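S.K.: Right, I'll just put the structure down here and ask away after.
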Amino acid sequence: MDPKPLVFALHDSLMLLAPPGWTRVELGVTRTPEGLRVTELQTKGDGAKEPKPRPQLHVDPREEATRLGEALTELAALLKGRWEPGRVLVERPSPEFADWKLLRADGSVAWFTRLERAELQSLLITDDLFDALQGTERAFHDLQGQLQHHLGRVTGFAFDPAHGVLRVDRPGGPVELQAQLVGSYLPDVFTWMWSWSDELAQPASTDRVRRVCQPDLKPDGLAAFWRPHFHCDEGFAWALAGHLAVSIGARGLFRAQPPDAEGALFFALLELPAVTLPA
């Protein structure tokens, strides 16, 4: 089995845990009955001194560290005894590459692999993604506050994908709004799916989303938008959808829970409803 996919997952987790701007990260790893556990993370580089602000990604660092340990456990098993867990060194001296080194107790390298620029740019979590989300975060926060004020309490919904119209039921009566279906989150499989990835997607309700995600062009560093689906926390999916909402000129996001369904649908509302007044 090729270990590279595991290293891709490891690098995504590291990007979520280490401060932006890092050039060198050293991990301390301990073996436990449940598998490997990351007990220490030391960084060097700009991120160790004055890290750039990071957008709110709604990711629990403890859970992400657990995922990092699980991926290291798989990697150690794949290497079949070539590495006795203790230290991991990751160096990123330039945007051109990142080196992953599994170290022996004496500091020598037990295993090494390099992620080239093209591989780094196709990962889920990148500096380019951070910059994009940071650029729209404040605008989305403001838009979402206004939308919540206008929506009030919602008791139900229905969506017409052929015309891109969302009906929202409220105590004062239903209202129909132009909307784009951004995507769906499936908690049972820990997966986010962009709306345009559905073969039966209706252009009227997904075309603006597709134009921003650019799945045909696949821009470097923004794979989180052009990958059809991927594993992530729902909060991370919400952050992506918020950026998308701002980018298409929407007025905010509406999270809809279909009856008798585990998952959730995210809609970008293209207009604001009238404010409902208390009875």
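The values are calculated or read from the model by the stated rules, or taken from the named source; none is laboratory data. It should be emphasised that the depicted structure is a prediction, and the values quoted were computed from it without experimental measurement. Every residue, glycine among them, receives a Cβ derived from its backbone with ideal geometry; neighbour counts consider all protein chains shown. Surface areas here come from the heavy atoms of the whole protein model, side chains and all, with no ligands, DNA or RNA. Shrake-Rupley method; radii C 1.70, N 1.55, O 1.52, S 1.80 Å.
S.K.: Given DSSP loops and a limit of at most 12 other Cβ atoms within 10 Å, what is the longest stretch of the chain that contains no such trypsin sites (Lys or Arg not before Pro)?
M.R.: 154-279
S.K.: Given the DSSP H assignment, sum -39500 (n - 2.57) over each helix run of at least 4 residues in the chain and divide by its residue total; what's the result at 222 nm in deg cm²/dmol, nearest 500? Write down the numbers at each step before the final one.
M.R.: On the way: 8 runs with 96 residues, N = 279.
Mean residue ellipticity at 222 nm (helix-derived): -10500 deg cm²/dmol.
S.K.: Ok, one more. How many nm is it between the label spots at Phe112 and Glu40, if each spot is 7 Å from the Cα in line with the beta carbon?
M.R.: 2.3 nm
S.K.: Still on this model: Would you mind telling me which residue in Ala158, Ala261, Ala65 has the biggest mean-square fluctuation in a Gaussian network model of the chain, where springs connect alpha carbons within a distance under 10 angstrom?
M.R.: Sorting by GNM fluctuation, first place goes to Ala261.
S.K.: Let me ask you something else. Using Cα pairs closer than 8 Å and at least 6 residues apart in sequence, work out the relative contact order for the chain, in percent.
M.R.: About 16 percent, as a whole number.
S.K.: Are there GluC sites (Glu not before Pro) in region 169-237 that DSSP puts in a loop and that have at most 13 other Cβ atoms within 10 Å, and which ones? Kindly include the intermediate steps, with their values, before the conclusion.
M.R.: Numbers: sites: Glu176, Glu199, Glu234; in loops: Glu199.
Within region 169-237, the qualifying GluC sites (Glu not before Pro) (loop, at most 13 other Cβ atoms within 10 Å) are Glu199.
S.K.: In square angstrom, what is the accessible area per residue of the chain with a 1.4 angstrom probe?
M.R.: Computed with neighbouring chains in place, this is 51 Å² per residue.
S.K.: Per residue, what volume in Å³ does the convex hull of the Cα atoms of region 88-157 enclose? Provide the component values of the computation, followed by the final result.
M.R.: Working: hull volume 12.9 nm³, N = 70.
About 184 Å³ per residue, rounded to a whole number.
S.K.: Using a 1.4 Å probe on the protein chains only, how many percent of the accessible area of the chain belongs to carbon and sulfur? Write down the numbers at each step before the final one.
M.R.: Numbers: 7400 of 14150 Å².
Carbon with sulfur: 52 percent of the solvent-accessible area.
S.K.: If you don't mind, another one. Explain nothing, just the number: dipole magnitude of region 180-279 about its Cα centre with +1 on each Lys and Arg Cβ and -1 on each Asp and Glu Cβ, in debye rounded to the nearest 20.
M.R.: Numbers: 7 positive and 11 negative charges, 81 e Å.
With only Lys, Arg, Asp and Glu charged at Cβ, the dipole is about 380 debye.
S.K.: How big is region 24-175 on each of its three principal axes, counting only the C-alpha atoms and giving the largest first in Å?
M.R.: Result, largest extent first: 71, 35, 30 Å.
S.K.: How big is the convex hull of the Cα atoms of region 1-46, per residue, in Å³?
M.R.: 87 Å³
S.K.: Out of all Cα-Cα pairs in the chain, roughly what percent, to the nearest whole number, are more than 24 Å apart?
M.R.: 55 percent
S.K.: Using only the C-alpha atoms of region 160-227, find the volume of their convex hull and express it per residue in Å³.
M.R.: Values: hull volume 7.7 nm³, N = 68.
Residue-normalised Cα hull volume stands at 113 Å³.
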